[in-house]
1. Every residue in region B:1-31 that is under 13 Å from B:Ile45 (Cα atoms) and among the hydroxyl-bearing types (Ser, Thr, Tyr), please.
2. Taking the residues in region A:907-918 that are surrounded by fewer than 24 Cβ atoms within 10 Å (Cβ to Cβ) and not hydroxyl-bearing (Ser, Thr, Tyr) as candidates, determine which candidate is modelled with the lowest pLDDT.
3. Of the numbered conditions (1) surrounded by 15 or more Cβ atoms within 10 Å (Cβ to Cβ); (2) touching a helix residue (DSSP H, G or I) at 6+ places or on another chain (Cβ under 7 Å); (3) of a type in the set (Gly, Ala, Ser); (4) assigned to a loop (DSSP other than H, G, I, E, B), B:Gly75 satisfies every one except a single condition; which is it?
4. For region B:10-22, check the following and say yes or no: at least one residue is surrounded by fewer than 16 Cβ atoms within 10 Å (Cβ to Cβ), more than 14 Å from chain A (Cβ to nearest Cβ) and under 26 Å from A:Val184 (Cβ atoms).
5. Say whether the condition of being away from every other protein chain (no Cβ under 14 Å) and in a loop (DSSP other than H, G, I, E, B) is met by at least one residue in region A:207-217.
6. Could you list, in sequence order, the residues of region A:68-80 that are in contact with a Lys or Arg (Cβ under 9 Å, 6 or more places away or on another chain) and either among the acidic types (Asp, Glu) or within 21 Å of A:Ile7 (Cβ to Cβ) (or both)?
7. So, in region A:527-585, of the ones that are assigned to a helix (DSSP H, G or I) and among the hydroxyl-bearing types (Ser, Thr, Tyr), which residue ends up modelled with the lowest pLDDT?
Amino acid sequence: MCMVNEIDYGTPASKSDRMVTLTIDGKVVTVPEGTSIMRAAREAGIEVPKLCANDMMKAYGSCRLCLIEIEGRNGTPASCTTPVAEGIKVATQTDRLGSIRRGVMELYMSDHPADCPACAEGDCDMVEMAAKVGLTENRYGPNGENHVAPLLHGDTNPHFREQDLSNPYFAYDPAKCIVCSLCVRACGEVQGTFALTVEGRGFESRIAASMDDPFLESECVSCGACVQACPTGALREKTVIEKGMPEWSAVTTCAYCGVGCTFKAEMRGEEVVRMVPYKEGQANRGHSCVKGRFAWGYATHKDRILNPMIREKITDPWQEVSWDEAFAYIAKEFRRLQYQYGKGSVGGITSSRCTNEETYLVQKLVRQGFGNNNVDTCARVCHSPTGYGLRMTYGTSAGTQDFDSVEHTDVVLVIGANPTDAHPVFGSRMKKRLREGARLIVIDPRRIDLVRTPHVQADYHLPLRPGTNVAMLTALAHVIVEEGLVDEQFVRERCDWDAFQDWAEFVLQPEHSPEAVEKYTGVPAEQVRAAARLYATGGNAAIYYGLGVTEHSQGSTAVMAIANLAMATGNIGRPGVGVNPLRGQNNVQGSCDMGSFPHELPGYRHIADDATRAVYESLWGVKLDNEPGLRIPNMLDAAVDGSFKGLYVQGEDILQSDPNTKHVAAGLAAMECVVVHDLFLNETANYAHVFLPGSTFLEKDGTFTNAERRINRVRKVMEPKNKYADWEVTQKMAQALGLDWNYQHPSEIMDEIAKTTPTFAGVSFDLLDRVGSVQWPCNEKAPLGTPVMHMDGFVRGKGRFIRTAYVPTDEKVGPRFPLLLTTGRILSQYNVGAQTRRTANMTWHEEDRLEIHPNDAEDRGIRDGDYVKLASRSGETSLRARITDRVAPGVVYTTFHHPDTQANVVTTEYSDWATNCPEYKVTAVQVSPSNGPTEWQRDYNDQAKRSRRIVHAEPAE
Amino acid sequence: MQPASTDLITSIMPIIDRWKQEEGPLLPILNGILREFGYVPREVIPTIADALNLSRADVYGVVSFYHDYRAEPTGRHVLKLCRAEACQSMGGDAVAERLQQLLGVRFGETSIDGSVTLEPVYCLGLCACAPSAMLDGEVIGRLDEAKAAEIAAEVRS
């Protein structure tokens, strides 16, 4: 076990095709034009000393350590800011350079603490650089003016500043800082927040957050880019200060959102010291956000349940039992239920949080072991319309691009997504492109950060009323067809021409014009027309969308409308364009790929397809049911009706994340054996009879598939604290049910997936270990995967245009419920918050708040911070209000990260017509002043408290 | 920091609006505020940042870089005395000491009666007439004890 070390080339790679040859220290080097001399040297194995350069940021040339000499040129230019030129002869090491570097370093060291603990631990480059340039003594001594000592000549030192410990995850110690500006540049260039600056000038200059505020009160979003960039001990992770430097590391994949960032888990023994984003990670390219970088403390949180537990009734306290007892109990109960109530009375739910291999096993358990297709996944409640809509139009259920594609985009259209909060690392990559000049259209009821954030401003923000996406998208299509902006050549070559003509005739109907739909959307027609023109004519145009598109009664229709727009304008099949769903969870793409839906086997093959079933039947040795099984809402309905009795839920909190909480609770309460397999006693576990402790992503091997179809490796860095990784638990459960499973390692599960699934045919752990990651389809035709899909034609053959008629949702405002509620996510928290609530991320978001427009607040006598009751026809809850004009009058908004809020008590049972994806984004509500929690919240909390009692087993003698 | 008062914002908005559409508007806006107030109240930074779609840090970095963008109001007069090498070599130290005595302030301070603010400056480009100073924008050369007294009398009057 050793550290995974990355080479820092000092400046970013040049993208030029023209090559330049030069000589550095006698070595002939050929590099792309525009490469810095520093980088060219490093590629040739020559390390030029440096402090202020880093290959994540543009060259800056401030530290003056990296000077070089070029034959025939005057002076000693900085190698970071000097580009290579044909035929030049560079010397990186001469007596003159050595003497200049020692002089510079001597000055730095005279203002750097002699006892810098970071230097001692190897977390500060200063001592290393001093050694590298051969500095052995310092003529200036420690008694001159400096930033290091609190006292100077017996007085307080005016230059000295105390450490800033306000951020929960990192410390800023100005005494160690050399003001090289790397942190300032990382914050601007990489993260795009611009929270840091250099204050003052000369010897007075200092790094400051915002207006010399504590970091926590500044604009800082705690992404960690500055800490990663800092070459000194000035910015350090608090965990490193507490635990010491890591001893070994492994490359793995973050388990938060669908961006799927690659990290190095840096370890001491079995303890994580820090997570550092990995530059070779093709999704994140060395960047991170506050969740992946810092919020991993939940993995060892005291709330984690480590022993299996059972109870006969959900009103009983939990009894800790051995793993064998738990498996035997489950096997007995599930067999009993199936005997008593029929084969279809049990089912399973796979998790978008678990690995592909684990998900595959759960659906296999249901199909092979339970003998039915009652398997579903949490993607039901988020991106099932994406799967349906894109399959109908293009032929595959996934996004068309990789994230790198955004670097070639000229027009970004964001609809129903909030990348800077929900997919922050991709948000930063998008903002970088926008700062380079790409244009931006935002379609969202709320003024998300992207609409206007330092150095980025949307050209058009179309603040439509929640629930009118389809009307808006069809109006955009209307303009494109009416104004002759269709890419006819593309459509004729690549798409079904008849379907196009039918669609064009449909969208041209006057009722789809922006002028006509204005009455639904509330967006001025001229704005819609201008946005449509920009999208169709602005160059490479890419659409990025999220749950604001899918979680509607017309979610699938909206996805198809998006697909239509991209086809009509020829924005498919090359870098920089495409249709890009921003997936919510780390492995939601993978869980869908792995056959988690009741009607699909892995690789999106319908269960009714005899040939596909035959593959699995011969391998698994069972006859598979050719009828689709129950979806989650159907399972709950059936449970209430008394025909569905047993459920295995892996890593999902359906009680908190599924709509109409009361109905979910009633369904679960009606079952006789609910098995919850999770890290924590989540809300669903309040209704469970068996609790199986889960393992974290740090405790297992496997793969996650991110929003760009990228299959990334997850690597085990510690033994599961609960004894078994999740795949082992499912396997042992299967064995208890009498199945002959015998996987020794998750790689064997992936081999089975590859053997049976054409789109995964080329995937193996060996391949992933060699190349890092691949994007499916990965098979004979594309041995290293497929970054951009539909390059030479659509997967389904000809792209298919589909009519997208706008049907207003049945959820309408009226006198009793005059406001529309829509929901979203915030940067520091993640979904139901089971993980982030158990970390210091709580510092930023202690509670969910209801955003309400000042006019609506005033009408109701609500002041900022007041408790308000939020009521819909489904139920009511209470939370505190935040008054803001980010939402339009008539619209209110909240996040759903805290179980106390129970926003889904309010949401209704309406769902997408095609996929049952719940309509979370539109609920008619009323808001009124309130004194505190509602009766439901109080009852629920009492029940939860009772339900979480545990009787600990006596330790064995 | 206190948020800027409505009055303050009302008075800087015309300055921001005057320059907002120009290329590189930040320095002209800060100069405009300096002309209007004689200093740059730090509370206005968020307003400027918002108007120009910059971060607060962006604006603060620029404001704190230039000594002229003072955080506090000055006295009625501003005296800048050159403390750079040429003036020092021509007796600038003695003049500096004398002026501080006469005015009753140290460098960077404003006298209690509000008559004058004394600031160091590093080269006025007037080395040929060293030691030199600048009083309310007017340069004065060949400073000596007599001229120092004259200046003190003038700012006090």
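1. Listed by number, the list holds a single entry, B:Ser5.
2. Out of the qualifying residues, it is A:Glu909.
3. Looking at each condition in turn, B:Gly75 falls short on (2).
4. Yes: region B:10-22 contains one or more residues that are surrounded by fewer than 16 Cβ atoms within 10 Å (Cβ to Cβ), more than 14 Å from chain A (Cβ to nearest Cβ) and under 26 Å from A:Val184 (Cβ atoms).
5. So in region A:207-217, the residues away from every other protein chain (no Cβ under 14 Å) come out as A:216.
If we keep only those that are in a loop (DSSP other than H, G, I, E, B) too, we end up with none.
There is no residue in region A:207-217 that is away from every other protein chain (no Cβ under 14 Å) and in a loop (DSSP other than H, G, I, E, B).
6. Our first condition is that a residue be in contact with a Lys or Arg (Cβ under 9 Å, 6 or more places away or on another chain); within region A:68-80, this holds for A:69-72, A:76, A:78-80.
Within region A:68-80, A:Glu69, A:Glu71, A:Ala78, A:Ser79, A:Cys80 qualify.
7. Taking region A:527-585 as the starting set, the residues that turn out to be assigned to a helix (DSSP H, G or I) are A:527-537, A:547-550, A:555-568.
From what is left, the residues that are among the hydroxyl-bearing types (Ser, Thr, Tyr) are A:535, A:537, A:550, A:556-557.
Working: A:Tyr535: 97, A:Thr537: 97, A:Thr550: 91, A:Ser556: 94, A:Thr557: 95.
Within region A:527-585, the match that is modelled with the lowest pLDDT is A:Thr550.
Results for (1) charged (D, E, K, R); (2) under 27 Å from A:Cys261 (Cβ atoms); (3) under 27 Å from the mean Cα position of the chain (by Cα); (4) part of a loop (DSSP other than H, G, I, E, B), shown as yes or no for each residue.
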position	(1), (2), (3), (4)
A:Val717	no, yes, yes, yes
A:Pro720	no, yes, yes, yes
A:Glu728	yes, yes, yes, no
A:Gln735	no, no, no, no
A:Leu739	no, no, no, yes
A:Asn742	no, no, no, yes
A:Ser747	no, yes, yes, no
A:Ala754	no, yes, yes, no
A:Thr759	no, yes, yes, no
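The values are calculated or read from the model by the stated rules, or taken from the named source; none is laboratory data. All values reported here derive from a predicted model rather than from experimental measurement. A quick note on method: Cβ atoms are made from the backbone with ideal geometry, for glycine too, and the neighbour counts reach across all protein chains shown.
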